[in-house]
Amino acid sequence: MRITVAALVSALVITPVIGVSVTTTPAQAAPVVRTSVVKPQALKYKFKNCTALNKVYANGVGKKNAKDHTSGTPVTSFLHSDSLYKKIIKYRKSLDRDKDGIACERA
């Protein structure tokens with residue numbers, strides 16, 4: 001059985017594809033192309049509140065060199081990512097109430 005490149009390319013152009021599998025059954029003459037589409041992870045920066053953010057990023061998100069402003073033991077186990085922190089704060093500034101460079105840190 002031969003699968004033409006044009007048939008695969010036309011299937012790829014129509015839909016953004018993460019994975020492609022081509023299978024045939026004995027009763028079919030033409031191959032069946034199955035595609036799977038996955039939502040991009042880039043949208044994981046829009047959170048309504050800290051509870052929602054902490055479900056995805058357990059100890060918060062902060063800048064690479066951020067230091068927790070606290071009188072107790074400072075939090076250091078947050079996700080260190082400048083670009084993600086900027087996106088989160090640009091979307092909702094209230095997630096970093098103490099303005100220490102860490103959004104929604106847990107004590």
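Worth pointing out:
- The residue list ILE102, ILE88 contains one member that is crowded, with 18+ Cβ neighbours inside 10 Å and either hydroxyl-bearing (Ser, Thr, Tyr) or out of contact with any Leu (no Cβ under 9 Å at 6 or more places or on another chain) (or both), which is ILE102.
- If the condition is being within 13 Å of ASP96 (Cβ to Cβ) and among the charged types (D, E, K, R), then the range 44-66 contributes only LYS63.
- Restricting attention to the range 41-78, the residues being more than 14 Å from ALA107 (Cα to Cα), surrounded by fewer than 12 Cβ atoms within 10 Å (Cβ to Cβ) and not hydrophobic (A, V, I, L, M, F, W, C) number 7.
- Search result, residues across the range 75-102 that are assigned to a helix (DSSP H, G or I) and either of a type in the set (A, V, I, L, M, F, W, C) or in contact with a helix residue (DSSP H, G or I) (Cβ under 7 Å, 6 or more places away or on another chain) (or both): LEU84, ILE88, ILE89, LEU95
Each value in this text was obtained by applying a stated rule to the coordinates, not by laboratory testing. As the structure is a prediction and not an experimental result, all values here were calculated from the model. We place every Cβ from the backbone using ideal geometry, glycine too, and count neighbours over all the protein chains shown.
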